[in-house]
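The values are calculated or read from the model by the stated rules, or taken from the named source; none is laboratory data. Since this is a predicted model, take the numbers as computed values, not measurements. A quick note on method: Cβ atoms are made from the backbone with ideal geometry, for glycine too, and the neighbour counts reach across all protein chains shown. Keep in mind that these areas ignore ligands, DNA and RNA; they rest on the heavy atoms of the full protein, side chains included. Shrake-Rupley method; radii C 1.70, N 1.55, O 1.52, S 1.80 Å.
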Amino acid sequence: MSLSRAILRLTAVQAIKGQTLAEGRVYNSDLDPLDHRMSADKKPVIVIFTDDQQEDVGHHGDMGQGQGSVDLVIEIAIAGATVIDGTDLDAQEVQVTIGETDAGMEFTLDLLERQIMSALTSGVGVWPDLWRLFCTRVLRRVSGRGGSAENG
């Protein structure tokens, strides 16, 4: 187990927490299946894992001097309509509901993905700064769609 993976997860969780529709529901390597979590609370949830790690051994076989890569996996889950609270231009409170339709849920996932990328790449504060310090470059970004094992 590498400390660099732990640091990458920790800083990502803290940089994202409170910056998306998931609010504070951002978890570090939570092993509780998302299906179970979503049955209890239908609000958006984000879980951050680190999977495969590859290290190039440094000069003279020194494992601490090489370069490497880590797969940072960010799972996003929603199970129902999403309500967004805010204010309009006249400072009046407004509430927008993104419906529990296929298109609405797909839009919510897209919005969450964009909010996560924004929090990590251009967020302001100690945690986003630390994440960018430890994640010196992103080699690729893959976005895939999944579904509930029980409900599709």
Simple SL model, points at 7 angstrom along Cα→Cβ for residue 54 and residue 73; separation in nm is 1.7 nm
With r defined as the distance between the Cβ atoms of residue 142 and residue 96 and R0 fixed at 35 Å, what FRET efficiency is calculated, to the nearest 0.05?
0.75
Surface per residue (accessible, 1.4 Å probe) for the range 68-152, Å²:
72 Å²
Just grab the label-to-label distance for residue 23 and residue 122, each label 7 Å out from Cα along the Cβ direction, in nm (one decimal).
2.6 nm
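Please give the contour-minus-distance gain from residue 81 to residue 132: 0.36 nm per residue of separation, less the Cα-Cα distance, rounded to one decimal in nm. Don't jump to the answer; show the numbers that get you there.
Working: separation 51, 0.36 × 51 = 18.36 nm, distance 3.25 nm.
The span from residue 81 to residue 132 would gain 15.1 nm if fully extended.
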With unit charges on the beta carbon (Lys/Arg positive, Asp/Glu negative), name the residue among 83, 121, 133 whose Cα is farthest towards the positive pole of the charge dipole of the range 75-152.
133
At 7 Å along Cα-to-Cβ for each site, give me the label-to-label distance between residue 42 and residue 6 in nm.
3.9 nm
